[in-house]
Amino acid sequence: MKLVAVYFFKHFLLNDATLNLGGKHFYHFSLNDGVLTASRTVNTKFIDNFFTEKSPNLSLVSAIAGSNGSGKTTILKDIGFALNKDYLANIIFFFEKEDETCYYYTNLTRLKIYCKGFTPIEFNHKIETIYYAPFFEASNINSTSGIDISTNWLIYHDSNQNKTKEKSDPILEHSYQNIYRQFNFLGTSFASILYEQFDLPTIDKARLSFRGPDYFPHKDDSKNDNAITRFHDTSTKFQPIIEKLLEIWRRELAPLRNEKKPESIKLWFLRKLMSSIFTPLEATNHFFEEGRVTIEPDDLNELTLKAALEFFLDSHSFIESQYNRLTDASLPTQKIKDLINIAFEIIESPTTSFKRDEKIEVSFEDARKLLEAEKAFLNEMSIFQLAPVGFIDAEPNIELSTGQKALMDLFSRFYFGIELIEKEKDNYEGSFPNHFILMLDEGDMTFHPKWLKRYIKAIIEVLPKLFAERFKSSTLQIIVTTHNPFILSDLPKENVIFLNKDEFGECKVIDGLNDMKQTFGANIHTLLSDSFFMDGLMGDFAKEKIDKVIRYLNKELKEGELMTDDEAEKIINIIGEPILKRHLEQQFQYNRQNKEIEELKQRIASLEQAIKP
């Protein structure tokens, strides 16, 4: 099954417009006396199984193309809203199946629809849309309908993963969750397809470091046995215990200094964990009136740092004052112990390698386990009504460029979207979706032209495989928005909707490109030369400079414009277009020769005047 046509009736952006997405037929609509007549003609350019050679579950790939501001994003989102019946747009959808039977779905109730030449069957199949957009719209933070994996929605979703959402930093939380999603994807076999398609270095491990703010005031107190911690708001009964913990930390680290061994890494982990635990106590905070502890500092003398910290956690409590009522409260002891045990197990694992600056490289599975344990600990710390302080930094073990990160985001988010669908499997009304429409809104942003050439090939090979693994009986189709001709050269013109604005600023669907019989396999320069994409192929700054040189050579400079021979010659010398450069060089030399001739004539005339008797 596939969505093949969308009709917009009295839509605020597109009025009485049809988007044909490249199915077996083209659909046409006419409205007379309240009756909307739908007819269709055969798409003679349609090639069956064009996209299914490597991906049998992929039924169709289409594009909505247009310049910035032409309405691509709005139209794509409205299609998603209407398909999910969450938006009362005047939109009609037509679907086709292998036997060419046409299904239509609409939320238009006030129009009678007559289908000329074919018999429509009421739409009764469950579909799901998945919307991806890599950009952030500050003016529009609302989710689209269906499954939303756009940056906008994910920032909202990610920030709500923390119980202290009113205090936490949504950007940091989003960054953390993005890394987590990438690790989920990189741990699968599908990542190898990306390495091959985009010549990426193999990312086989996660790199972890234990950083974050340091509760203890002396950055180099590992070398200072007499370092004193300066407390402010920490309970006075906790202060001596914390000093003792720091003393034990120094004692255990001393013989291991400058060594990258499991034991030293464990100590640095505990140091940062203690900072994360105790930092909220140092903030201006009247939530806890008093801390209580049933042990003395000397009780910790013979213990390891791990055992001493756990002994303190088991022995402490708070008197918590809320609205003049006293209740007992405590740090999340069990979550902290779980985090320590998981971290130590991973640090001791034979697959873990040790790097400089207290960094370790671990499997993606181990990284996920540790990050989940840290997240559980931070959420429990929300009883302080302060933003919990995370201290585990995670990243792939190979430094990624902006484009590489964007690529990982794209595919890891779709993998995340599939997981969301599985989690909601029991909540779907009626049957589980048997068709998915993947909507990629300018998903090619930040990509180098070399990657743009591979973009369509990658998404039609990778994304269907992700879905086929989980939803074997479902089909999918892909709709992308773009203003990049590289993308269109991979698609038949019949699968592309061209949007443009007319002289009144209204959005219109235009009939392809000027004199262009096809976009598929078209030369990129041929596509770029079409006015749909660009008015000329030269940068405006260069064009302005060269136009001034031309006016100078033609003696047509405007009033107030200045240029010298030296400046004009230097600009001509750096022009990269050979024909234009040669023409201007010839004009420049011609002007210079004429100037020299004029100067010689003036000199001769001056000499003749001088020798007259």
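The values are calculated or read from the model by the stated rules, or taken from the named source; none is laboratory data. These numbers come from a predicted model, not from an experiment. For neighbour counting, all protein chains shown are included, and Cβ atoms are generated from backbone atoms with ideal geometry for every residue, glycine included. Please note that ligands, DNA and RNA were not included when accessible areas were found on the heavy atoms of the full protein model with its side chains. Shrake-Rupley method; radii C 1.70, N 1.55, O 1.52, S 1.80 Å.
Past 29 Å, Cα to Cα, is the threshold; run Lys2/Lys369; Lys261/Lys335; Lys335/Lys423 against it and keep the listed order.
On the way: Lys2/Lys369 40 Å; Lys261/Lys335 25 Å; Lys335/Lys423 25 Å.
Among Lys2/Lys369; Lys261/Lys335; Lys335/Lys423, the Cα-Cα distance tops 29 Å for Lys2/Lys369.
Using the per-residue mean of other Cβ atoms lying within 10 Å as a proxy for protection, in what order, highest first, do the peptides 579-591, 268-280 fall?
Values: 579-591: 13.9, 268-280: 21.8.
Averaged packing, sorted descending, gives the order 268-280, 579-591.
Carbon-plus-sulfur fraction of the accessible area of segment 398-522, 1.4 Å probe, in percent?
Reported share for carbon and sulfur atoms: 49 percent.
Return the sequence-ordered ³J(HN,Hα) values of segment 577-592 in whole Hz as given by the Karplus equation 6.51 cos²θ - 1.76 cosθ + 1.60 applied to θ = phi - 60°, using x for Gly and Pro.
7, x, 5, 4, 4, 5, 5, 5, 4, 5, 5, 5, 5, 4, 4, 5
Counting alpha carbon pairs within less than 8 Å and at least 6 residues apart, what relative contact order, in whole percent, applies to segment 534-600? Present the calculation step by step, with values, prior to reporting the outcome.
Numbers: 20 pairs, mean separation 19.2, N = 67.
The value is 29 percent.
Of the accessible area of segment 1-118, with the probe set at 1.4 angstrom, what percent is carbon plus sulfur? Write down the numbers at each step before the final one.
Numbers: 2520 of 5330 Å².
Carbon and sulfur together cover 47 percent of it.
Got a sec to turn the phi values of segment 274-279 into Karplus ³J(HN,Hα) couplings, 6.51 cos²θ - 1.76 cosθ + 1.60 with θ = phi - 60°, whole Hz, x for Gly and Pro?
4, 4, 5, 6, 8, 4
Please list the non-local residues whose amide H lies under 5 Å from the amide H of Ala329, H modeled 1.01 Å from N, same-chain partners needing a gap of 5 or more.
Phe318, Glu320
What whole-number distance in Å separates the alpha-carbon centres of segment 37-94 and segment 433-500?
Each part reduced to its Cα centre gives a spacing of 12 Å.
What is the set of long-range amide H partners of Asn434 at a cut-off below 5 Å, with H atoms built 1.01 Å from backbone N?
Residues meeting the criterion, in which the H sits 1.01 Å from N, are Lys126.
Go through Met563, Met445 and list them by solvent-accessible area, largest first, probe radius 1.4 Å.
Values: Met563 25, Met445 70 Å².
Ranking Met563, Met445 by accessible area, largest first, yields Met445, Met563.
Mind listing the long-range amide H neighbours of Val480? Cut-off is under 5 Å, sequence gap 5 or more, other chains count too, H placed in the peptide plane at 1.01 Å from N.
Ser62, Ala63, Ile64, Leu440
Can you list the HN-Hα couplings for segment 177-191, worked out from phi with the Karplus curve (6.51, -1.76, 1.60; θ = phi - 60°), rounded to whole Hz and with x for Gly and Pro?
5, 4, 4, 4, 5, 5, 4, 4, 6, 5, x, 9, 6, 5, 4
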